[in-house]
1. Of the residues in region 292-307, how many are open to solvent by less than 40 Å² (accessible area, probe 1.4 Å), part of a helix (DSSP H, G or I) and either polar (S, T, N, Q) or touching a Cys at 6+ places or on another chain (Cβ under 6 Å) (or both)?
2. For region 245-266, which positions are over 18 Å from Glu172 (Cα atoms) and either touching a residue at least 60 places away in the same chain (Cβ under 8 Å) or surrounded by 17 or more Cβ atoms within 10 Å (Cβ to Cβ) (or both)?
3. Looking at region 222-244 only, could you name the residues that are open to solvent by less than 70 Å² (accessible area, probe 1.4 Å) and in a helix (DSSP H, G or I)?
4. Could you check Gly182 against (1) open to solvent by less than 60 Å² (accessible area, probe 1.4 Å); (2) assigned to a strand (DSSP E or B); (3) closer than 24 Å to Ser241 by Cα and say which number it fails?
5. Just one of Glu218, Glu155, Glu178 is acidic (Asp, Glu) and farther than 15 Å from Val250 by Cα; which is it?
6. Note down all Cβ pairs under 7 Å where the first residue falls in region 300-312 and is modelled with pLDDT of 55 or more, the second is part of a loop (DSSP other than H, G, I, E, B) and among the hydroxyl-bearing types (Ser, Thr, Tyr), and they're at least six residues apart or on different chains.
7. Taking region 195-220, which residues are aliphatic (A, V, I, L, M) and in contact with a Phe, Trp or Tyr (Cβ under 9 Å, 6 or more places away or on another chain)?
8. Is it the case that some residue within region 221-233 is β-branched (Val, Ile, Thr) and without any contact (Cβ under 8 Å) to a residue 40 or more places away in the chain?
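The values are calculated or read from the model by the stated rules, or taken from the named source; none is laboratory data. Values in this document were obtained by computation on a predicted structure and should not be read as measured data. Heads up, the Cβs are rebuilt from the backbone with ideal geometry, glycines too, and the neighbour counts pull from every protein chain shown. Keep in mind that these areas ignore ligands, DNA and RNA; they rest on the heavy atoms of the full protein, side chains included. Shrake-Rupley method; radii C 1.70, N 1.55, O 1.52, S 1.80 Å.
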Amino acid sequence: MPPRKRKAGVVDDNNDNDNGQPSAKKPRKPAAAETATTFRPRREINKEPTSVKASDSKLNRPESKLNRPKSKTAITGAKRGRPPKSAVARKAPAAEPTPKTKKPVGRPRKIQPEAQPEAQPEAQPEAVQKYEELDEEIDEPDNGRCYWLMKAEPESRFEKGVDVKFSIDDLEAAKEPEPWDGVRNAAARNNLRAMRKGDYAFFYHSNCKVPAIAGIMEIVREHSVDETAFDPAHPYYDPKSTREKPKWEVVHVKFRRKFKKVVTLDELKSHAKPGLVLEKLQTLRQSRLSVSAVTPKQWKFITTQFAPGGDEQSESSTEQITVEDTHAANGTEQKEQA
């Protein structure tokens with residue numbers, strides 16, 4: 001068996017093995033005194049001597065924050081953030097103390113108003129006085145008749161191939177009472193429903209070069225169903241109106257008188273200023289309403305100022321119209337019965 005190799009270590013000459021060779025022994029552990037001086041741990045070797053200050057050791061380190069180059073703020077001495085406000089701005093002027101007033105206790109005393117001189121009535125313009133005097137002269141009739149204004153187009157206009165032209169001359173030429181059809185406004189329809197036999201109405205030419213009142217007509221038959229609303233070929237056909245639930249109605253009118261000179265819209269507006277008779281004339285306030293109401297005073301003013309004798313008619317003509325209306329009504333009744 002070959003001899004074992006010697007281990008590196010301290011050779012002791014006095015101790016040999018059986019073969020006469022020196023034996024290798026394990027290194028001995030150093031004494032405590034030697035350990036303190038010679039065999040210091042690595043962490044203790046890296047430590048600085050205790051005699052050196054901590055501040056000095058930090059200065060010598062290359063990676064220390066203190067050894068880095070100073071920033072601009074550190075060199076100039078300026079502070080970060082917004083600059084401080086001036087001393088004048090910081091010290092705001094002290095507000096003057098408001099004097100404290102004692103609140104009254106209980107209910108306040110009633111102060112009697114001072115006697116003011118009576119205000120004298122202002123002098124009214126001559127025009128207003130003139131119309132007020134005229135209003136006093138015009139008395140409302142006691143016959144219970146109502147007055148209206150109804151519009152029609154005197155110039156030709158075609159709708160669905162039908163000419164809707166109807167003037168006061170056409171009404172005068174009619175041999176029988178004409179139905180006032182084609183009204184498709186709820187407010188105008190309600191005025192038709194309010195009409196009674198014997199009421200008077202102004203025939204007003206609308207949608208033409210010179211809008212004006214052209215004459216007078218009479219309501220000879222009260223409201224009934226408008227048949228034109230059921231005809232699809234008629235210009236005023238309304239699919240929402242059915243025979244079970246009719247929506248629109250008509251009245252029958254008769255010619256009474258044509259004015260020699262029409263009363264234009266501008267003339268009506270000239271008497272509609274504040275304080276004048278026609279200030280509240282409905283057709284001026286609601287210009288798109290085809291059937292509007294007229295008060296007795298307004299009717300009397302228009303007929304006396306612009307068309308004298310506007311509501312007058314002879315007894316013979318009245319009797320003749322009454323007979324014609326009676327025959328027409330009887331004929332209608334007979335047709336319904338048949």
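1. The total comes to 2.
2. Trp248, Glu249, Val250, Val263, Leu265
3. Across region 222-244, the qualifying residues are Thr228, Ala229, Phe230.
4. (2)
5. Every option except Glu155 fails the conditions.
6. Within 7 Å, no pair qualifies.
7. Met195, Ala201, Ala212, Ile213, Ala214, Ile216, Met217, Ile219, listed by residue number.
8. yes
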